[in-house]
Amino acid sequence: MTVVTGSLMRAMEKVARTFRLGDLLDLPVYAGRGELGLIWRLDTDGGSWAVKELLSSVDEGVARADTAFQHAAADAGVRLPRPVLTRTGSVLLRGRFRVYEWVDLVAGEQVTGAELGAVTARLHRVGHPASGTVPPWFSEPVGRAGWQALLAAGGEWEQALGRVLPELIALDDLVVAPDGGPITTCHCDVGVENVRRAADGGVIVLDWENCGPARPGWELAKILVDLPEDEAVAAYSAYRASGGPEVISGPGDFSMAIAEHGHLLDFYARRALSEQESPDNRARARDRVSTMLSRPLTTKRIDALLAALRRP
């Protein structure tokens, strides 16, 4: 259980003043957490708000860039929680807090593959210009040396990792540079966790803080490979039927999926082993490693998905 401390309460009062949310009606309510931070519901006489308390400081320029993409996506018809700016026009308070309007979601219900494909098509049609290059997290593999170093670090998953290590190295060989196609600003974290059904109808896209330069076709492949095959086929069909501009044509299109899969596995394993991390962070990381190793990304899965997408 997450406790509302005196220091947190003072911070939330500061958030309410700085973002002009109104007077607090009650204590903030813990609503969940992701890898980047905690989410609190704040009820004021001006409405209900989602306050993100970031675990590490974020640059204001980076936050402004993702907010600009959010506004462009909203203008193109993508539903998302409205970002709230401070009274001086900033996105962040102290580099740690940012605010969105609160949206009630349908609990315990996932969107369908078709819904996921349709909203991804709408996102890709935005064509928001990219700022900078595709980060290594999404474009460069862990590599043989990196995998061997991770295996040598030990951990309760050492045997499971050792069994899939040849496959992870084979996957890395499929990764190609992203500069052979269009690069735009992409959400970079589209999936059933971040595309949800809103309580008042329709679907809504959440968690935009990871957005940045990427090849939209590779983002599409990354989304599809995380779905069961039949749902992936439905998502791809809906994407194309909804005017999605990209086509999945070969293993290289999965470069973004392979790079992120590798870096996530490496990140969670090292976080789980780190004594500097909180017990909660270490426990979450162990669970993620176990889940990823129970259904690892493989060349066989990619080949099977490609075959399924090509069937009439």
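Quick query: amide H of GLU140 versus all other amide H atoms, modeled in the peptide plane; which residues come in under 5 Å with a sequence gap of 5 or more or a different chain?
none
Can you give the net charge of the other residues whose Cβ lies under 11 Å from the Cβ of ASP43, counting K and R as +1 and D and E as -1? Walk me through the intermediate numbers first.
Working: positive: ARG41; negative: ASP23, ASP26, ASP45.
That sum, taken over residues with Cβ under 11 Å, equals -2.
Heavy atoms only, probe 1.4 angstrom, no DNA, RNA or ligands counted: give me LYS14, LYS300, LYS52 ranked by accessible area, highest first. Provide the component values of the computation, followed by the final result.
Values: LYS14 70, LYS300 160, LYS52 30 Å².
Heavy-atom accessible area, descending, gives LYS300, LYS14, LYS52.
Each residue of segment 139-151 in turn: what ³J(HN,Hα) in whole Hz from Karplus with 6.51, -1.76, 1.60 and θ = phi - 60°, glycine and Pro shown as x?
For segment 139-151, the Karplus curve yields 10, 10, x, 5, x, 4, 5, x, 5, 5, 5, 5, 4 Hz.
Report ³J(HN,Hα) in whole Hz for each residue of segment 78-90, in order, from the Karplus equation J = 6.51 cos²θ - 1.76 cosθ + 1.60 where θ = phi - 60°; Gly and Pro get x.
Computed from phi, the couplings for segment 78-90 are 7, 7, 7, x, 5, x, 10, 9, 6, 5, 9, x, 7 Hz.
Helix 279-294 versus the longest principal axis of the chain: what is the Cα-based angle in degrees, 0 to 90, to the nearest 10?
The two axes meet at around 30 degrees.
Under a 10 Å cutoff between Cα atoms, tell me which one of VAL29, VAL225, VAL175 has the largest fluctuation in the Gaussian network model of the chain.
Fluctuation is largest for VAL29.
At a 1.4 Å probe radius, which order do THR67, THR299 fall into by accessible area, largest first? Please list the in-between numbers first.
On the way: THR67 10, THR299 40 Å².
Largest accessible area first, the residues go THR299, THR67.
In percent, how large is the relative contact order of segment 1-148, given Cα pairs closer than 8 Å and 6 or more residues apart?
Numbers: 173 pairs, mean separation 27.1, N = 148.
Relative contact order, segment 1-148: 18 percent.
Please tell me the relative contact order of the chain in percent, rounded to the nearest whole number, where contacts are Cα pairs under 8 Å and at least six residues apart.
Numbers: 495 pairs, mean separation 55.8, N = 312.
Here the relative contact order equals 18 percent.
Which of the aspartates and glutamates could be linked to LYS300 by a straight reach, that is with a Cα gap under 20 Å, when you skip same-chain ones fewer than 8 residues away?
GLU167, ASP172, ASP173, GLU219, ASP226, GLU229, ASP230, GLU231, ASP253, GLU260
Could you tell me the distance between the Cα centroids of segment 231-287 and segment 101-121, to the nearest Å?
Using only Cα atoms to place each centre, the spacing works out to 18 Å.
Given H placed on each backbone N at 1.01 Å, which residues far from SER48 in sequence or on other chains put an amide H within less than 5 Å of it?
Long-range HN contacts for SER48: TRP102.
Which value does Rg/Rh take for the chain over its C-alpha atoms, Rh per Kirkwood?
Values: Rg = 20.2 Å, Rh = 20.8 Å.
In the chain, Rg relative to Rh is 0.97.
Over 21 Å, how big is the tail of the calculated P(r) for segment 101-218, in percent of all Cα pairs? Can you show the working numbers first?
Numbers: 3847 of 6903 pairs.
For segment 101-218, the fraction of Cα-Cα distances above 21 Å is 56 percent.
Using the beta-carbon distance between GLU277 and VAL4 and R0 = 22 Å, what value does 1/(1 + (r/R0)^6) give for FRET efficiency, to the nearest 0.05?
Numbers: r = 23 Å, r/R0 = 1.04.
The formula returns an efficiency of 0.45 here.
GLU156 to ARG96: extension gain in nm, 0.36 nm per residue of separation minus the Cα-Cα distance? Please list the in-between numbers first.
Values: separation 60, 0.36 × 60 = 21.60 nm, distance 3.35 nm.
Fully extending the segment from GLU156 to ARG96 adds 18.2 nm.
Subtracting the Cα-Cα distance from 0.36 nm times the residue separation, let me have the gained length for ASP75 to SER290 in nm, one decimal. Walk me through the numbers before you get to the answer.
Numbers: separation 215, 0.36 × 215 = 77.40 nm, distance 3.98 nm.
Taking ASP75 through SER290 to full extension adds about 73.4 nm, to one decimal.
In whole angstrom, and with the biggest value first, how far do the Cα coordinates of segment 109-152 range along each principal axis?
Principal-axis extents of segment 109-152 (Cα, largest first): 42, 33, 13 Å.
The values are calculated or read from the model by the stated rules, or taken from the named source; none is laboratory data. All values derive from a computational prediction rather than experimental measurement. Ideal geometry is used to build each Cβ from the backbone, glycine not excepted, and the neighbour counts take in all protein chains shown. Just so you know, the surface numbers come from the protein's heavy atoms only, side chains and all, with ligands and any DNA or RNA stripped out. Shrake-Rupley method; radii C 1.70, N 1.55, O 1.52, S 1.80 Å.
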